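Written below as structure tokens is the structure these notes are about.
The values are calculated or read from the model by the stated rules, or taken from the named source; none is laboratory data. Keep in mind that what you see is a predicted model, and the values were worked out from it rather than measured. Please note: Cβ atoms are built from the backbone with ideal geometry, for glycine as well, and neighbour counts cover all protein chains shown. Calculation scope for accessible area: heavy atoms of the full protein, side chains included, ligands and nucleic acids excluded. Shrake-Rupley method; radii C 1.70, N 1.55, O 1.52, S 1.80 Å.
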Amino acid sequence: MSRIAYVNGQFVPHGEAFVHIDDRGYQFADGVYEVCDIKNGQIIDLDGHLDRLNYSLSELQMAHPMSRNALIVKMKQVIKRNYVNNGLIYLQITRGVAPRDHAFPNHKESSIVLTAKSVSPLKKLSLYKNGISVITVEENRWARPDIKTISLLPNCLAKQAAREVGAYEAWFVDDEGYVVEGSSSNAWIINNNNEIITKNPDGSILKGITRAAIMKEIEAMQLALVERAFTLSEAIEAKEAFISSATTLVMPIVKIDNHAIGGGEVGEMAKSLLAEFYNFAQKTDI
Ligand code: PDD
């Protein structure tokens with residue numbers, strides 16, 4: 001069955017979905033994106049993702065290609081046309097096509113691309129069961145990781161470094177020894193006082209939508225949430241650790257660099273946060 005993409009007003013077969021070579025996303029990585037989880041045909045935390053999309057667009061003075069309601073209609077259509085029940089929807093907006101010039105073009109015609117794909121809920125089962133390894137890399141990104149831009153080269157290099165040593169994720173660590181976040185996820189630890197710790201959103205991290213759902217969950221489960229920076233040494237000493245994102249939800253960590261976490265076993269709190277996740281995420285009825 002062929003996949004269908006939405007590109008600037010048209011639904012086209014995935015294999016024939018192209019943007020112009022003068023698209024500023026292609027030339028300058030001048031664009032923003034969102035990735036949303038789809039569970040049982042519903043987009044998870046759609047409002048949060050669309051609010052963050054508006055934030056990214058406005059921080060970059062980029063035009064929204066359509067109204068929020070029109071965008072939701074297109075997203076639903078892409079999901080339906082690709083028969084996605086469980087999977088992901090990807091949304092990308094760039095500053096559009098213009099002759100190459102670093103400064104913004106005069107027009108406000110942004111480009112938009114939407115794709116959706118099925119992902120079997122079983123695909124990552126063994127990672128949830130056995131936990132993942134994380135490596136650490138130096139923080140070398142620009143000073144605005146709070147904007148969800150497609151300019152992801154340091155993130156790609158970090159993820160590649162992880163893959164090359166058989167790890168799943170790379171954590172950026174700043175020059176004071178604090179863990180910032182993962183290359184495509186937020187970072188969490190649970191210490192021996194059962195405090196669930198994740199970095200405060202001070203502009204140095206992406207304010208994850210999954211992170212927000214987990215925070216609600218922690219509150220509802222009456223567990224101790226602490227929003228503060230934590231060091232790599234604290235993480236290595238932690239009882240449990242995990243990452244969060246729309247594509248991983250709550251993914252337990254059993255190794256950071258060469259240090260086993262929680263005796264190398266998946267922690268009980270991460271397990272229960274994962275099990276309860278969808279009860280606390282906002283499910284959008286589509
Ligand atoms: N990444 N931090 C970074 C750098 C990310 O790229 C992501 C998400 C997150 C978690 O955000 P959320 O919970 O809203 O997915 C944190 C997506 C999944 C990606 O790039 O594919």
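Details
- Rounded to the nearest 5, the antiparallel percentage of DSSP beta bridges internal to region 55-214 is 75%.
- Expressed as a whole percent, the accessible surface of the chain that belongs to carbon and sulfur atoms is 51, based on a 1.4 Å probe.
- Shape category assigned to region 56-115 from the gyration tensor of Cα positions, a/c cut at 1.5: prolate
- Each residue of region 189-204 is assigned a 3J(HN,Hα), and the resulting list reads 9, 10, 8, 6, 8, 6, 7, 9, 10, 9, 4, 5, x, 9, x, 8 Hz, derived from the Karplus form 6.51 cos²θ - 1.76 cosθ + 1.60 (θ = phi - 60°), x at Gly and Pro.
- Among Asn194, Asn258, Asn106, residue whose mean-square fluctuation peaks in a GNM of the chain (springs only between Cα atoms under 10 Å): Asn106
- Region 125-281 shape via C-alpha gyration tensor axes, a/c threshold 1.5: rounded
- Ligands, DNA and RNA excluded, the heavy atoms of Ile261 present near 0 Å² of accessible surface to a 1.4 Å solvent probe.
- Antiparallel bridges, percent of DSSP beta bridges restricted to the chain (to nearest 5): 80
- The chain: relative contact order in percent, alpha carbon pairs under 8 Å with at least 6 residues between: 19
- Here the spin labels are modelled as points 7 Å beyond Cα on the Cα-Cβ line, and at Glu219 and Arg100 they lie 4.9 nm apart.
- Of Ala238, Ala167, Ala220, the one that fluctuates the most in a GNM where the chain has Cα springs shorter than 10 Å: Ala220
- For region 67-143 versus region 214-286, the gap between their alpha-carbon centres in whole angstrom: 23
- Of all DSSP beta bridges in region 125-281, antiparallel share, percent nearest 5: 60
- Relative contact order of region 111-205, pairs being alpha-carbon contacts under 8 Å that are 6 or more residues apart, as %: 26
- Counting only heavy atoms of the protein chains and using a 1.4 Å probe, Tyr128 has close to 40 Å² of accessible surface.
- Rounded to the nearest whole Hz, the Karplus-based 3J(HN,Hα) values (6.51 cos²θ - 1.76 cosθ + 1.60, θ = phi - 60°) of region 89-104 follow the sequence 10, 10, 10, 9, 10, 10, 6, x, 9, 6, x, 4, 7, 4, 5, 4, with x at glycine and proline.
- For the chain, the spread of Cα positions along the three principal axes, ordered from largest to smallest, is 54, 40, 33 Å.
- Scanning residues 5 or more positions from Lys283 or on other chains, those with amide H under 5 Å from its amide H are Asp45, with H placed 1.01 Å from N in the peptide plane.
- Cα-based shape type of region 1-115, given that a ≥ b ≥ c are square roots of the gyration tensor eigenvalues and the cut on a/c is 1.5: oblate
- Among Pro65, Pro13, Pro145, residue whose mean-square fluctuation peaks in a GNM of the chain (springs only between Cα atoms under 10 Å): Pro13
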